[in-house]
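The values are calculated or read from the model by the stated rules, or taken from the named source; none is laboratory data. Just so it is clear, the structure is predicted and the values come from calculations on it, not from any experiment. Glycine also receives a Cβ, built like all others from the backbone with ideal geometry; neighbour counts cover every protein chain displayed. Ligands, DNA and RNA are excluded from the accessible area calculation, which covers all protein heavy atoms including side chains. Shrake-Rupley method; radii C 1.70, N 1.55, O 1.52, S 1.80 Å.
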Amino acid sequence: MTETTPAASAAADLPPLPGRVLTPAELKRWVRRLADRPELWEHLVRHDTGGRHFGSLYRDGDIDVWVLCWNTVDDTGWHDHDTSSGAVAVTRGAVHESRPRLGGTPRTRTVTAGRAFAFGPDHIHRMTGAVDGSVSLHAYSPPLWRMGQYSISRSGLMRRLPVSYADELRPIGE
Ligand SMILES: [Fe+2]
């Protein structure tokens with residue numbers, strides 16, 4: 001894992017922000033607008049680091065924004081975003097998003113370039129690269145501070161480990 005220096009962009013360069021916490025629907029619209037402006041985030045794209053690469057594009061009191069670069073070996077493990085809502089726009093390749101189902105197989109979808117999705121703080125998911133060289137933009141509001149990382153045993157027992165937003169998400173204890 002490698003991380004690029006935080007907050008590489010100024011707010012003035014970005015699509016307009018409301019100056020308050022954004023809803024999931026607002027985040028999805030905003031991250032789509034950002035996806036249409038590759039000159040703002042393309043400098044953070046890297047796939048040569050041997051692992052998942054993420055770069056912080058912007059962070060203020062209401063939102064933080066990341067560029068994630070995926071290969072197929074990259075896997076966040078199960079996690080939540082604590083009190084934050086989020087939105088993801090895939091700009092290159094594709095990612096898999098899975099949601100756990102107690103007593104059942106996870107519900108998995110593939111999100112391809114040009115598509116976006118959003119979620120609230122109640123959302124638990126896991127993301128993996130579906131295609132080597134994929135890129136996605138992630139916006140969270142309020143800004144990520146802590147997250148929950150889950151392990152799910154073979155018998156279905158679920159545990160939550162609180163982690164910092166600066167920690168790399170990865171599968172644990174499976
Ligand atoms: Fe996530």
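Could you list, in sequence order, all residues of region 93-120 that are closer than 24 Å to residue 26 by Cβ, open to solvent by 30 Å² or more (accessible area, probe 1.4 Å) and either small (Gly, Ala, Ser) or not in a loop (DSSP other than H, G, I, E, B) (or both)? The answer is 99, 109, 112, 113, 114, 118.
Within region 91-122, work out how many residues are touching a Leu at 6+ places or on another chain (Cβ under 8 Å) and either within 16 Å of the ligand (Cβ to nearest atom) or over 24 Å from residue 51 (Cβ atoms) (or both). The number of residues fulfilling the criteria is 1.
Name the residues in region 126-174 that are among the aliphatic types (A, V, I, L, M), over 26 Å from residue 40 (Cα atoms) and in contact with an Asp or Glu (Cβ under 7 Å, 6 or more places away or on another chain), would you?
Once the filter is applied, which keeps residues that are among the aliphatic types (A, V, I, L, M), over 26 Å from residue 40 (Cα atoms) and in contact with an Asp or Glu (Cβ under 7 Å, 6 or more places away or on another chain), region 126-174 yields 147, 152.
Which residues, taken from region 48-65, are under 21 Å from residue 16 (Cα atoms) and open to solvent by 20 Å² or more (accessible area, probe 1.4 Å)? Scanning region 48-65 gives 58, 59, 60, 61, 62. So, residue 82, is that one of a type in the set (D, E, K, R), out of contact with any strand residue (DSSP E or B) (no Cβ under 7 Å at 6 or more places or on another chain) and either buried (at least 22 other Cβ atoms within 10 Å of the Cβ) or in a loop (DSSP other than H, G, I, E, B) (or both) or not? For residue 82, the condition - of a type in the set (D, E, K, R), out of contact with any strand residue (DSSP E or B) (no Cβ under 7 Å at 6 or more places or on another chain) and either buried (at least 22 other Cβ atoms within 10 Å of the Cβ) or in a loop (DSSP other than H, G, I, E, B) (or both) - is not met. Where strands (runs of 3 or more DSSP E) fall entirely within region 123-174, those with at least 3 residues that are within 13 Å of the ligand (Cβ to nearest atom) and in contact with a strand residue (DSSP E or B) (Cβ under 8 Å, 6 or more places away or on another chain) are at 126-129, 134-141, 146-152.
Here is a yes/no grid of residues against (1) more than 16 Å from the ligand (Cβ to nearest atom); (2) basic (Lys, Arg); (3) over 30 Å from residue 151 (Cβ atoms):
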{"residue": "27", "(1), (2), (3)": "no, no, no"}
{"residue": "35", "(1), (2), (3)": "yes, no, yes"}
{"residue": "38", "(1), (2), (3)": "yes, no, yes"}
{"residue": "43", "(1), (2), (3)": "yes, no, yes"}
{"residue": "48", "(1), (2), (3)": "yes, no, yes"}
{"residue": "51", "(1), (2), (3)": "yes, no, no"}
{"residue": "69", "(1), (2), (3)": "no, no, no"}
{"residue": "75", "(1), (2), (3)": "no, no, no"}
{"residue": "83", "(1), (2), (3)": "no, no, no"}
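For residue 88, state whether it is aliphatic (A, V, I, L, M), within 11 Å of the ligand (Cβ to nearest atom) and touching a strand residue (DSSP E or B) at 6+ places or on another chain (Cβ under 9 Å). So residue 88 fits the description; yes.
Number of residues in region 131-174 that are within 22 Å of residue 73 (Cβ to Cβ) and crowded, with 19+ Cβ neighbours inside 10 Å equals 10.
What number of residues within region 66-75 satisfy the criterion of being part of a loop (DSSP other than H, G, I, E, B) and open to solvent by less than 20 Å² (accessible area, probe 1.4 Å)?
Qualifying residue count for the region: 1.
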